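Remarks on the structure that follows.
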Amino acid sequence: MRNLIYAINLSADGCCDHTKVDGSEEMLEYYTNLFQDVDLIVYGRKTYELMIPYWPEVITDPTSSKAEVDFAQAFGAIDKVVFSRTLDKVEDNARIVRENLADEILKLKKQPGKKISVGGVDLPEQLIALGLVDEFYFVVHPVIAGEGRRLLGGTGLQERLKLKLVDSKVLKSGYVALHYLK
């Protein structure tokens, strides 16, 4: 069965608001490498609309760095499933699913292929509460946001989820990449 992975950037004080953390070339390289083991990305509407059209436009922007273009190309090559009841259409290699979140994820996990990545905050929180996320990749940024949304702040987990650290890496820029298994 395919693993469902959740990767997210966090501030040192647990903020997962993308406007409160900084990006770096090294962080983009980390995520580009992570995508080598992924052949499907799952998003909710909000995250999908943040990622598209931003990353596809990076490829043609002459001011984009090599790390940005590499990430954008890796991102663009991966099929996507968007869970939304309100979105009318999606681009290229994406499709919309309107209901049965748990059933659809279980069906996708049973299909042959590489890992499935889930992005954003709301949808992953639901999937974590359902016990469907197998691996967690947290990239902790060396910044204290002091405000903003906290990871799993709105999730009512039935019980505490104990994770096993299987890898950690301190990036040159001070980011700390942590990989946990459920």
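The values are calculated or read from the model by the stated rules, or taken from the named source; none is laboratory data. Fair warning: this is a prediction, and the values are worked out from it, not measured in the lab. Cβ sites come from the backbone with ideal geometry, for glycine too, and all protein chains shown count toward neighbours. Note: areas computed on protein heavy atoms with side chains; ligands, DNA, RNA excluded. Shrake-Rupley method; radii C 1.70, N 1.55, O 1.52, S 1.80 Å.
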Quiz item: Once the Cα gyration tensor of the stretch 86-182 is diagonalised, what are the square roots of 5 times its eigenvalues, in whole Å and ordered largest first, as equivalent ellipsoid semi-axes?
Solution: 26, 17, 17
Exercise. Please go through the residue pairs K66/K114; K20/K164; K20/K172 and name each one whose alpha carbons sit more than 22 Å apart in this structure.
Key: K66/K114; K20/K164
Quiz item: Gain in length, S168 to K107, computed as 0.36 nm per residue apart minus the alpha-carbon separation, to one decimal in nm?
Solution: 18.9 nm
Exercise. Would you mind putting 164-170, 107-113, 28-34, 4-10 in packing order, based on average other-beta-carbon counts within 10 Å, highest first?
Key: 4-10, 28-34, 107-113, 164-170
Exercise. May I ask you to list, by number, the DSSP H helices of the chain whose Cα span along the axis is at least 24 Å and whose average Kyte-Doolittle hydropathy reaches 0.0 or more?
Key: none
Exercise. Could you tell me the largest-minus-smallest coordinate of the C-alpha atoms of the stretch 1-109 on each of the three principal axes, in descending order and whole angstroms?
Key: 39, 34, 28
Practice problem: Apply the Debye scattering formula to the chain, with a single equal point scatterer on each alpha-carbon and no solvent, then give log10 I(q)/I(0) at q = 0.08, 0.14, 0.18 Å⁻¹. | Solution: -0.24, -0.79, -1.39
Exercise. Go through 82-90, 127-135 and give me the packing order, highest mean Cβ count within 10 Å leading.
Key: 127-135, 82-90
Quiz item: By accessible area of protein heavy atoms, probe 1.4 Å, what ranking do H141, H179 get, highest first?
Solution: H179, H141
Quiz item: If amide H atoms are built 1.01 Å from N in the plane of the peptide, which residues on other chains or at least 5 residues away come under 5 Å of the amide H of V81?
Solution: I41, V42, Y43, R95
Quiz prompt | Span from the the stretch 125-144 Cα centroid across to the the stretch 88-120 one, whole angstrom | solution = 18 Å
Quiz item: Which entries of K80/K115; K115/K162; K89/K110; K110/K162; K46/K80 show an alpha-carbon separation above 19 angstrom in the structure shown?
Solution: K115/K162; K89/K110; K110/K162
